[in-house]
Structures are given as structure tokens and as C-alpha cells.
Protein chains: 2
Amino acid sequence: MEKIISLAHGNGGKLTQELIRNIFLPYLNNPFLAPLADSAVFEVKGTKLAFTTDSYVIKPLFFPGGDIGKLSVSGTINDLAVVGAKPAFISCGFIIEEGVSISTLKKILLSIKKTAQQAGVDVATGDTKVVEKGSADGIFINTSGIGFIPPEMNLGLEKVKAGDYIIVNGTIGDHSVAVLSQREELGFDEAVNSDCAPLYDLVQKLKPYWESIKFMRDPTRGGIAGILNEIVQGKNFGVQLWEKNIPFREETITICEFLGMDPLYLANEGKILFFTEPEKTENILQIIQTHPLGKKAAIIGKVVANPSGKVYLKTSIGTKRIIDMLVEAQLPRIC
Amino acid sequence: MEKIISLAHGNGGKLTQELIRNIFLPYLNNPFLAPLADSAVFEVKGTKLAFTTDSYVIKPLFFPGGDIGKLSVSGTINDLAVVGAKPAFISCGFIIEEGVSISTLKKILLSIKKTAQQAGVDVATGDTKVVEKGSADGIFINTSGIGFIPPEMNLGLEKVKAGDYIIVNGTIGDHSVAVLSQREELGFDEAVNSDCAPLYDLVQKLKPYWESIKFMRDPTRGGIAGILNEIVQGKNFGVQLWEKNIPFREETITICEFLGMDPLYLANEGKILFFTEPEKTENILQIIQTHPLGKKAAIIGKVVANPSGKVYLKTSIGTKRIIDMLVEAQLPRIC
């Protein structure tokens, strides 16, 4: 274990996992935190509630397709959505660097307002701290969220087994590429819009098939490669991905080739990985594809018995490649 | 309104109020946020839940009597406690500057663990972000919290009326002075311990008198002067404080005199202002004084009909002085 915190501890890869499992969990372990799910779940008089938190330190604050306001609301809504919870309340905790303009703050607030309204959630509570110039980088936002899990929703990683399929609701890596293209030092001309969006509405549309959806995760930091590795770690199953089925934008491939990055590790902010029963997978895919946020949805892989605990890619030319968890940071400050 | 964010926007005084009321509320207003209470309250099948959030950017991370870990758990527990909620779950969102040592992080985690255990809450969910060196200042922590309000608890600012008394559970300003004494540039020899502590246990002890407690607030940022001004703003009542009754440590007075600061505006992290029915005020005071966190409790003032909307101090020499809300920051990064 490294003796100091490095950027790679925050990239959603191996060091992030080590930090959480070896440093955080030994101190904070309890039955609610232990599953390390996107949200903790607890009951009030038989009603299941979900509770989640996320801090957003994205740079720049504004990017094609979104800004830190839209991102911070969407991200927390999605962490609730993937445990099956209908988002109800969010909190907003702002840490603002002295010197930020009020007009910047207003743009972000407008974006928070719009995204919350669109998703039907209330910003129920908030907090603002101001730190000296140089002690933060513009604006950081923490959003925590509370949602209600409908009784018909019964997700569980323990239900996943060999033969299940994995659907994603559209192109991969758009968020990272959108942010990357705005970093001054790179200055790409092509603008890819971030996929940043609240996704509970899509989950809601799938209600007729909820019992055939076994598990969901949003592939944010670490990308689909990082998240799938987290999922299979220590399990008696693995995941096989079909390269030719994974939806990408052409611009994403171009930029990734130019920078030597692997799009499988790029963050998404409007995507869900659905683990589905084989018999109903086609029906689920069709419903997702009729939703505005699922037009390019595809079945990208399946759960396999061997090799267990691993993610591997069947490439377009027919070879197999193990997709490991990332060690070095590909791109910091992406969410 | 200022066109840029200044440190004074974060000090809990006039500019903080303007920022919240004129910038944040117009965008985010809803029935849960509008009361601007320490926590939002909502119901699940007749059970009242409270939800709150707070970010901690304190500098230095360690100070006499506490650290950012103890502070971030206590502060959020207290925001729940003052709306009468028994704290149940908290979230921890860490923003860590690259280069922070793992041993520093471990010390803070141990402190979070101890404080949470002492208060009987679980850290149910968490998040960690890492930013580049120079993009934050060590460690920032956001904690959000969920608590359950017992049916016997019925607090409401609308219940407060002229004749009610105000109790505080001990000496004022200790937290600010503890932090201040650690700032390198000042280098005081005397160490005052911060009062930083979780307070629900004290509220719990008062159960026999809950119906006689009308309202509670924790006088953190802005101190008792700032918080009381917030409370009386626009109301048909005011507050009269008795200077001779307000409990202070001698060291606090010494340091405040030296620095030209007014202790009434200093932050507390282990104090509650209780608004009580006159008939039961003495009984409530006695119970508070038997609690380890209430030994120096005192009745420091009362609610008056005139002047309404103001806080004034009856000084030791018998004169009256209006205690207004603070404009300039006395001390940034105190919580």
C-alpha cells in the first residue's frame, strides 16, 4: 500500500479499491456499508429506503452536454436508480473557492434546478462553505440522496449467474471524452456531448420486466471495465464482453487512439449496466431502445462460469483479452 | 449583492444569509428546503425522518479537543438532534488532496469511527475523490445524515413566544478559540479544548420535558449572536441576552480581547440553544447540568415582545446593546 494518497487512489481502479477495502472499511465497517453498493438500503416500517453520497470535483465546471450542477444531481440520482430506488430527496453541499463569480454559481444552480425538476426530486437540504483562494478549485459539490425502493423491485448481485446477459443503454465513454476535449492543453475541435443524465425514468419504464432484471450498476469512474471487475471480484462467475457489440461514438475512438486511452475504462454519467435473465433480455433491450436515453442500447456481454472473477473481451477478430482493473489514473477530476 | 464569492459569504453572518436567501433559494425553493432549518423533515408511513448535510473544511485538520473526523460526525449528528431526530445513518464524502499521508487519513477515520460508535450511528455510505496537489487543502469531508424523530417530539419555531427562556448547555466560543490557537501565525500557548461533541444523548436525557422544549438550534458558524439573529429575523419577537449569565472560559475572553473578537460570534460545535417554556425552564436546566456535556449550562436570555426581530444584550453594567448579525468574516475555515 502506498504511504500517501495519489491521484490513482481516486480513479476507480485498483488503488481506489485497495483504499476502500484496506483503509476505509476496517474503520467504518457495518452491515449497511459492507456491500459497497451504490446506495445503502434500510427499512422504515416495511418501506425500503436507499441512501447514497457522492462528491463532484469535475474540471472544468462546464463541459459539452453538462456542468457540475447537472452532473452532481444526475450522479446521485443514478446511484439511487441502480439499487432500484425512486429518487425523492437530495442534499447539496457546496465548497466554493473565494473569488468564484456569482454568475457562475447561478448558472450551476439553474442547472441543478432543471435536473432536479426533470427527475422529480427536491433539494431538501443544503450547506455552503467558502475557502480561501487556492484552497479549492472553483466549486466542489457533494450531493447525497434518499430514494424509495418499490416493493416490486428485487435486485441482488447474489441472483446473477452464468447465462445472464449484460445490456448497456448506449455509447460508452462520452462523458470522459466530453470533459477531456475541454481541457485547455488538449484543445480538440470535435465536441462530444457528455451522456450525463438522470436515469430513473428509464428504470421506471422497465417496470413490466423488473423481476427479470437481477442487478444494475452505473459505470462511472473506472468505466465498464472497472465496474465489471469490481462486480466479478471474488465471485464464482466472470464476464465475457463482445467487442463488436459495445456501442461507441466514432469521435470517442478517434480521441482514444490519439491519446492512447482505452474507452472501456472511460467514465460514463448516463449509463447503466443491466444484468438480465436470458429469456427476457430481448424484451428488456427493446424497451430500453424506445427510451430517449437508450436508443443505442445493446447486449454487450454475458455472465460466464469460467474464468470466474475475471472480465474478458472477445475481440472483433475473434481473440480473447483479459480486461483487468486499471492501476494508473487515465484522467483525474472527471466527476 | 457582491459579484463574487468572498470569505464573508461563508461565515454564517449577513452575507451568508443573503447568499442563501437571494441566490440559492430562488433556484432551489421547495417545501422541504424553505424552512431553512438544520434538517429537512419528511414522513414515511407516519414516521418522521430528518435529513441534513454539512461540509467540513476546517483548518487545521487536528485541533485541541478534536479533528475534522470527530467534527464532521458530531456536526451532522447535532443538526439532526436539534430538529429532535435520533441520528441513525450518516454518509461520508471525502475530497482528498494528492499527497495527504495515509496515516493522517487513518487518524481521521479512527476519530470518525469512535464518534459514530459513541453516538450510535452507522456510516452507511461513502465516497472518495482525489484532487491534484494545490486543488484542495488537505482533506474536506461532507457528512449527510438521516435521523428518526420520535412521535413525542414536537418542536417548532412557531411555538416560541415572549416569556420563553433560552438555555445553553455550557461555555461559549470554545471551538473557535481551540482552532484559532492552533493557527501558526498566532501561536497561543494556552490550549482551550474545542467543545466538539455529538449531542443527541443530551437531548434524549431531556425526554421527560420534551413537550416543554419549543425549539432548538446549534450555534455553530455565526455563534449565538448569528444564530439568534437568524431566528428572530422577521418574527414578532426578539431576544434579550443577559451578559452576566453567558458562560465563558476565562481563556476565551483573554484571547478575544487580544484579537478584538466578540465571543458571541464565535462558533460552537457542542452547544445547543434550548427555547423553553417558562414554567419548566429550571427543571430542564437541572437535567442538562447533570449531563457531562451540560455541567456549565445556564439560562442566558429570554424571548421578548419588543423590540421584535432584534437580539440585544443587557450588559453587566446594566446598559443595553443591540447584537447585530456579523458582516465581515471573523475567522474563516472554522468548521
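The values are calculated or read from the model by the stated rules, or taken from the named source; none is laboratory data. Just so we're clear, the structure is a prediction, and the values are computed from it rather than from any experiment. Backbone-built Cβ (ideal geometry, glycine too); neighbour counts: all protein chains shown. Accessible surface areas use protein heavy atoms only, side chains included; no ligands, DNA or RNA. Shrake-Rupley method; radii C 1.70, N 1.55, O 1.52, S 1.80 Å.
Highlighted here would be helices (runs of 4 or more DSSP H) found entirely within the range A:199-274 that include at least 2 residues which are in contact with a Pro (Cβ under 6 Å, 6 or more places away or on another chain) and among the hydrophobic types (A, V, I, L, M, F, W, C), but there are none. Checked against the criterion of being open to solvent by 30 Å² or more (accessible area, probe 1.4 Å), in contact with a strand residue (DSSP E or B) (Cβ under 6 Å, 6 or more places away or on another chain) and closer than 28 Å to B:Thr128 by Cβ, the range A:174-183 contains one or more residues that satisfy it.
The conditions of being modelled with pLDDT under 95 and open to solvent by 50 Å² or more (accessible area, probe 1.4 Å) are not met by B:Gln117.
Go through the range B:294-307 and count every residue that is open to solvent by 60 Å² or more (accessible area, probe 1.4 Å) and either at pLDDT below 95 or assigned to a loop (DSSP other than H, G, I, E, B) (or both). Number of matching residues: 3. Listed by first and then second residue, the pairs with beta-carbon distance under 7 Å, at least 6 apart or on different chains, first residue in the range B:324-335 and over 17 Å from B:Phe63 (Cβ atoms) and within 12 Å of another protein chain (Cβ to nearest Cβ), second crowded, with 18+ Cβ neighbours inside 10 Å and modelled with pLDDT under 80, form an empty list. Residues of the range B:131-160 that are part of a strand (DSSP E or B) and open to solvent by 10 Å² or more (accessible area, probe 1.4 Å): B:Phe148, B:Ile149. Scanning the range B:279-293 for residues that are touching a strand residue (DSSP E or B) at 6+ places or on another chain (Cβ under 6 Å) and open to solvent by 40 Å² or more (accessible area, probe 1.4 Å) returns no hits. Restricting the range B:198-226 to residues that are open to solvent by less than 10 Å² (accessible area, probe 1.4 Å) and β-branched (Val, Ile, Thr), the residue that is nearest to B:Val73 (Cα to Cα) is B:Val203. A:Gln17 meets all of the listed conditions (1) facing chain B (nearest Cβ under 7 Å); (2) at pLDDT below 95 but one, namely (1). Residues in the range A:276-293 that are within 23 Å of A:Leu155 (Cβ to Cβ) and either among the charged types (D, E, K, R) or in a loop (DSSP other than H, G, I, E, B) (or both): A:Glu277, A:Glu279, A:Lys280, A:Glu282, A:His291, A:Leu293. Counting only helices (runs of 4 or more DSSP H) that sit wholly inside the range A:1-111, not one has at least 1 residues that are open to solvent by less than 10 Å² (accessible area, probe 1.4 Å), farther than 23 Å from B:Ile141 by Cβ and without any contact (Cβ under 8 Å) to a residue 40 or more places away in the chain. For the range A:119-138, the tally of residues that are within 13 Å of A:Phe89 (Cα to Cα) and either more than 7 Å from chain B (Cβ to nearest Cβ) or of a type in the set (Phe, Trp, Tyr) (or both) stands at 3. With farther than 14 Å from A:Ala197 by Cβ and more than 9 Å from every other protein chain (Cβ to nearest Cβ) as the only criterion, which of A:Ile68, A:Ile77 stands out? Unique residue meeting the criteria: A:Ile68. In the set (1) in contact with a strand residue (DSSP E or B) (Cβ under 8 Å, 6 or more places away or on another chain); (2) within 14 Å of chain A (Cβ to nearest Cβ); (3) surrounded by fewer than 15 Cβ atoms within 10 Å (Cβ to Cβ); (4) not polar (S, T, N, Q), the condition left unmet by B:Gly163 is number (2). Look at A:Phe274 and say whether it is aromatic (Phe, Trp, Tyr), modelled with pLDDT of 95 or more and open to solvent by less than 10 Å² (accessible area, probe 1.4 Å). Criteria met by A:Phe274.
Please work out if A:Gly46 is more than 7 Å from every other protein chain (Cβ to nearest Cβ) and touching a Ser or Thr at 6+ places or on another chain (Cβ under 8 Å).
no
Screening B:Ala191 on (1) open to solvent by 10 Å² or more (accessible area, probe 1.4 Å); (2) under 19 Å from A:Val131 (Cβ atoms); (3) touching a residue at least 60 places away in the same chain (Cβ under 8 Å) shows it passes everything except condition (2). Checking each residue in the range B:227-271 for being surrounded by fewer than 17 Cβ atoms within 10 Å (Cβ to Cβ) and among the hydrophobic types (A, V, I, L, M, F, W, C) picks out B:Trp242, B:Ile253, B:Phe258, B:Leu259. Quick one: would you say A:Ala191 is within 14 Å of chain B (Cβ to nearest Cβ) and either among the acidic types (Asp, Glu) or more than 29 Å from A:Val239 (Cβ to Cβ) (or both)? Answer is no for this residue.
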